[in-house]
Amino acid sequence: MPFERSSGLLLHITSLPSPGGIGDLGRAAYEFADFLAAAKQSIWQVLPVNPTGYGGSPYAGLSAFAGNPLMISLDVLGEWGWIAAARLRGLPGSEGAVDLKLVEEKKIPLLVEAAENFLAKKPDGQWQRFEKFCRDEAYWLNDYAAYAVLSEKFQTAAWIEWPAEYRFRWPGAIERLFAEKHHEMAIEQALQFAFAEQWYFLREYCRERGIKIMGDVAIFVNYDSADVWRNPEMFELDGELKPIRVAGVPPDYFSATGQRWGNPLYKWDWLEERGFDWWIARLRRSCQLFDMVRLDHFRGFEAYWAIPAAEATAINGEWVEAPGRKLFRAVEQALGELPFIAEDLGLITQEVDALREEFGFPGMRILQFGFSSRGAHNYLPHRYEANTVVYTGTHDNDTTAGWWTNGATEIEQAAVREYTGAKGDAVVWPLIRAAATSVADIALFPVQDILELGSEARMNTPSIAHGNWSWRLAPGALTRIQAEKFAALTEVADRDGAAEN
């Protein structure tokens, strides 16, 4: 679908300076929305909001449908009467990086306590909405709740280590689980309801201020997830339910040995026979949560890199064709106009471009990639078409200041100065201006860039398993002066929604 000329900021929910040690859907989220409005921005891009597993990567979610309970604001639950304010003392603060282990240790027991209070009190209004939520979302909610309860029960790294009766979902065992663990499952359902309530209140607040939330859908799902446990027949698994081949990408800009992600691959023929019902349900839910959806690793919908599960790296894989055209036709027929953006970075073929163009999905361009050689100039503004989303960098890149200091070569630095007219090392805002004033319909910037932060603020380093996803915005870092500066650029670049057609 066509998008209006606009711009926005990339900041994941967990990066907000919320009390409790991790960003959440409470006051800091609303304050960030206010900053976006003051800066005349109309898009807030977030990463996947699903519950995360080991390492905290939002691209390794425990469910493709559920929300991350750690994003629930305990302060808001206190305002709802779910938990007493005194119980929230002693939580980690709003400053510093996310210590996920500490957050889980301190916050999860309080979330459970709040959910138990809600289930006991059954407050009018909310209780009726909760019952409706459970009915409407039963197609994923019940299995996710069962998965979460079993994960807590067995305290193991993955469902593949559970006893056979649960691993293979023997009917009798699952029936007993639903009967014997009804209360524990209700707690998980209540937490998902709390996430949904807080999410939709925030989304409405953003909508009233002209701000669209852009979400992110990872093409593959985590092996240790409710989705694979519930639907093993949908994936390339052997008789013991272990992956036969896994996902990744071949050697590229980020890694000489490629990236072995380890996600199980879909049985696309099985999905096609069912009319892609699982994918339609997944993308329908994404469109319920978000106004715009970024499709991560879009090229995998045309062809994906299949790696034998026994391989330690991604080198010895092969490209396998995927039925992306049939999939998107089915989704379009079910959902109507598709507000999708294609993450088309990496090794992109003519077939991938043709798939994206057929459905009108804008592709992505990253300024940091554009200065290394003449062959990289497709990433520079003078080569863009309007149906494009331009970034200075994404969550997978170093910050622009960090890239300039630690990653850019002398050739790249000279090219940046020549292209932007930047003097010395003051290059971050000249690059922001180059993106904002380009012909691309959408310009997006990591918050770290408008603050000119260095590598210490990097969100993720691909192919590095530890130390990612923990950066948080400092309280008070976004000021009125910064909003005015960004608003002035947005106005002159005709991205404020006031430009004449």
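Things to note:
- Within region 200-218, the set of residues being surrounded by fewer than 20 Cβ atoms within 10 Å (Cβ to Cβ) and assigned to a loop (DSSP other than H, G, I, E, B) comprises ARG209, GLY210.
Yes/no per residue for (1) buried (at least 17 other Cβ atoms within 10 Å of the Cβ); (2) in contact with a strand residue (DSSP E or B) (Cβ under 8 Å, 6 or more places away or on another chain); (3) at pLDDT below 95; (4) of a type in the set (Ser, Thr, Tyr):
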position: PRO446; (1), (2), (3), (4): yes, yes, no, no
position: ASP449; (1), (2), (3), (4): yes, no, no, no
position: ALA457; (1), (2), (3), (4): yes, no, no, no
position: ASN460; (1), (2), (3), (4): yes, no, no, no
position: ILE464; (1), (2), (3), (4): no, no, yes, no
position: LEU478; (1), (2), (3), (4): yes, no, no, no
position: GLN482; (1), (2), (3), (4): no, no, no, no
position: ALA488; (1), (2), (3), (4): no, no, no, no
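- Annotation note: of ALA186, ALA145, the sole residue that is closer than 26 Å to LEU77 by Cβ and within 24 Å of the chain's Cα centre (by Cα) is ALA145.
- Residues in region 29-56 that are more than 25 Å from GLY476 (Cα to Cα), among the small types (Gly, Ala, Ser) and not in a loop (DSSP other than H, G, I, E, B): GLY55, GLY56.
- Residue count for region 62-102, restricted to those that are of a type outside the set (A, V, I, L, M) and either assigned to a loop (DSSP other than H, G, I, E, B) or closer than 13 Å to HIS12 by Cβ (or both): 15.
- Residues in region 55-69 that are touching a helix residue (DSSP H, G or I) at 6+ places or on another chain (Cβ under 6 Å) and either hydrophobic (A, V, I, L, M, F, W, C) or at pLDDT 95 or above (or both): SER63, ALA64, PHE65, ALA66, GLY67, PRO69.
- Total residues in region 256-270, condition buried (at least 18 other Cβ atoms within 10 Å of the Cβ) and either under 22 Å from the mean Cα position of the chain (by Cα) or assigned to a loop (DSSP other than H, G, I, E, B) (or both): 8
- Residue match in region 310-330 (condition: in contact (Cβ under 8 Å) with a residue 60 or more places away in the chain, touching a helix residue (DSSP H, G or I) at 6+ places or on another chain (Cβ under 9 Å) and crowded, with 22+ Cβ neighbours inside 10 Å): no
- When residues of region 57-71 are limited to those that are aliphatic (A, V, I, L, M) and farther than 18 Å from ALA158 by Cβ, the one farthest from the chain's Cα centre (by Cα): LEU70
- Residue list for region 272-303, restricted to those being on the phi > 0 side of the Ramachandran plot and either surrounded by fewer than 18 Cβ atoms within 10 Å (Cβ to Cβ) or assigned to a helix (DSSP H, G or I) (or both): GLY275
- Selection of helices (runs of 4 or more DSSP H) fully inside region 121-199 by the criterion of at least 2 residues being of a type in the set (Phe, Trp, Tyr) returns 126-136, 138-154.
- A Cβ distance below 8 Å, combined with a sequence gap of six or more or placement on separate chains, defines the contacts here; from region 221-232, residues that are assigned to a loop (DSSP other than H, G, I, E, B) reach residues that are among the charged types (D, E, K, R) in the pairs VAL221/ASP227.
- Flag for ALA498 being over 25 Å from the mean Cα position of the chain (by Cα), without any contact (Cβ under 8 Å) to a residue 12 or more places away in the chain, surrounded by 14 or more Cβ atoms within 10 Å (Cβ to Cβ) and assigned to a loop (DSSP other than H, G, I, E, B): no
The values are calculated or read from the model by the stated rules, or taken from the named source; none is laboratory data. This one's a predicted model, so the numbers in the text were calculated from it and none came from an experiment. Glycine gets a Cβ as well: all are built from the backbone with ideal geometry, and neighbour counts include every protein chain shown.
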